[in-house]
1. Being touching a residue at least 24 places away in the same chain (Cβ under 8 Å) and not in a helix (DSSP H, G or I) is the filter here; which residues of the range 159-185 pass it?
2. Hand me the list of helices (runs of 4 or more DSSP H) wholly inside the range 289-371 holding 1 or more residues that are under 26 Å from residue 428 (Cα atoms), in the same structural domain as residue 49 (by TED's automatic domain parsing) and without any contact (Cβ under 8 Å) to a residue 40 or more places away in the chain.
3. Looking at 189, 142, 163, 196 in this structure, which one is out of contact with any strand residue (DSSP E or B) (no Cβ under 8 Å at 6 or more places or on another chain) and closer than 30 Å to residue 408 by Cα?
4. What about residue 105, is it surrounded by fewer than 24 Cβ atoms within 10 Å (Cβ to Cβ), in a loop (DSSP other than H, G, I, E, B) and out of contact with any strand residue (DSSP E or B) (no Cβ under 9 Å at 6 or more places or on another chain)?
5. What tally of residues in the range 535-568 results from selecting those that are under 21 Å from residue 595 (Cα atoms) and part of a loop (DSSP other than H, G, I, E, B)?
6. For the range 70-99, give me each residue that is more than 27 Å from residue 373 (Cβ to Cβ) and touching a residue at least 60 places away in the same chain (Cβ under 8 Å).
7. On the basis of being assigned to a loop (DSSP other than H, G, I, E, B) and either out of contact with any strand residue (DSSP E or B) (no Cβ under 7 Å at 6 or more places or on another chain) or at pLDDT below 90 (or both), does residue 527 make the cut?
8. Does at least one position in the range 50-60 carry a residue that is more than 26 Å from residue 154 (Cα to Cα) and assigned by TED's automatic domain parsing to the domain that holds residue 157?
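The values are calculated or read from the model by the stated rules, or taken from the named source; none is laboratory data. Predicted, not measured: the structure shown is a model, and the values here were computed from it. In this analysis, Cβ positions are derived from the backbone assuming ideal geometry, glycine residues included, and neighbour counts consider all displayed protein chains.
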């Protein structure tokens, strides 16, 4: 056996990552987790599986109209619309839309492919991170434990949450790149950290919020550990070394500002009560300790009490290997900061979901932070990441009797245990879509029957349960006719036909051009002035919608008209007052607000800086090689 000192530095392999046979073995061994998505049919019964198909459906509707960065979802809330992608990370659906739009895969195939890609990429990311930390065999074990962790499989097959499954890719990449910023500061480390952190922000804002404190603790511990020598701490040098990881994280925020800046600043414009009250009340979703160890596996939903049909087992292999790995590696002094951070955060994240710690969720400030998870068990991705890293440390190179240059019997046995322990969980339940083929009529049925996709803006007093648009789509479907989008969102029932003529000239997911003609009443058929008239649109009011008076049909904007929410009723729809000019054309269009514009420019500027940095780094590398 190779002897190693307690201060051994890893990795021991200088093989480039893409030439590392263990990386490709890691990716190949994910096949068992990917295979269920190759099963004919789609797992419509999974908790969020339908959601992501219709998220993609809306994404595609907007791409078809030339909107490359969707924010508004025109058909949610029974067609009244909702700014879904203004508040929900769009990255995973960008990938799915590329597959659908350019690859011509259907909606369900595109979603399933992204699920499969997330599995393979998350394994590769974990392998790369732990290889840099503790060697190849440790990286291989950590990656497979990460892939086959029961909660990870729950996210994939039972919850069917595409964004969270893709977030599993970015978590180890953030740890890897930010660690490099501390241990081996370089321009490449900053660029890698920027991309990884931006990817997490753009993928899942929920996981981003939960994982950022872990990253902050991780970087702080690494900095302190590196700077403490002879029991003295040089604050100035500590702050100087902190600049590199701060630059990486800051660049990541800049790169993703196109999303998070309007998401945060405009969050108050949507109703959040419906996502945190009622059946979404966090008090009904705490976990009992035995559930972490329970072998039960089901395909239900989270229910109050100990008889939950959603399984939250951490897994005996993950728990045992994490414990043994942490203990075995503790004698390696340079690994102790990582071991301590992952032990504390892994146990802490699991504990936060337990019924025993439920009172914490009602504390001031602390409760607000904890409730950002929406459900207590949503802290478990941190546990999976932390324990997977610790589990990988069970196979440090010297413990394998060789410098990780190839497969060995002990390694083969350990990997087999990991895969076989979770093999019974590798299944999806494919069922026919209860609402019918993917389309507008099926979306309306889904919204009605499941009470989903019905988010409302802050001006909506009562969430609608049906709409004229939904009725139109369902009637077309019942009649066996093609279900095509409505040609107008004007509420014609609100029009006084004796004094106002209104007709839609052009309509898309994000605009509508309307012809209007007012009539004074005493001269029928002659357009005149009636300043009290208005056009009501079947859109929930939301900032970004703007209206203009055009200088003719399809003409140029001549005068901006105020768009205000209706004061009558409960829907908070948009209204545009008809100008006292007799007749003309009005254009209503969804556009940008100041936070969206600032976010776009910040992201663009950051992207340009990163490209310049990449070009400089490549040029410098070539110069060094010469």
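1. Those that are touching a residue at least 24 places away in the same chain (Cβ under 8 Å) and not in a helix (DSSP H, G or I): 160, 161, 185.
2. It comes to 289-293.
3. Numbers: 189 fails: closer than 30 Å to residue 408 by Cα; 163 fails: closer than 30 Å to residue 408 by Cα; 196 fails: closer than 30 Å to residue 408 by Cα.
Going through 189, 142, 163, 196 in turn, just one is out of contact with any strand residue (DSSP E or B) (no Cβ under 8 Å at 6 or more places or on another chain) and closer than 30 Å to residue 408 by Cα: 142.
4. Numbers: surrounded by fewer than 24 Cβ atoms within 10 Å (Cβ to Cβ): yes; in a loop (DSSP other than H, G, I, E, B): yes; out of contact with any strand residue (DSSP E or B) (no Cβ under 9 Å at 6 or more places or on another chain): yes.
Answer is yes for this residue.
5. The number of residues fulfilling the criteria is 5.
6. Taking the range 70-99 and keeping what is more than 27 Å from residue 373 (Cβ to Cβ), we get 74-75, 78-81, 97-99.
Matches in the range 70-99: 74, 75, 78, 79, 80, 81.
7. yes
8. Within the range 50-60, one or more residues are more than 26 Å from residue 154 (Cα to Cα) and assigned by TED's automatic domain parsing to the domain that holds residue 157.
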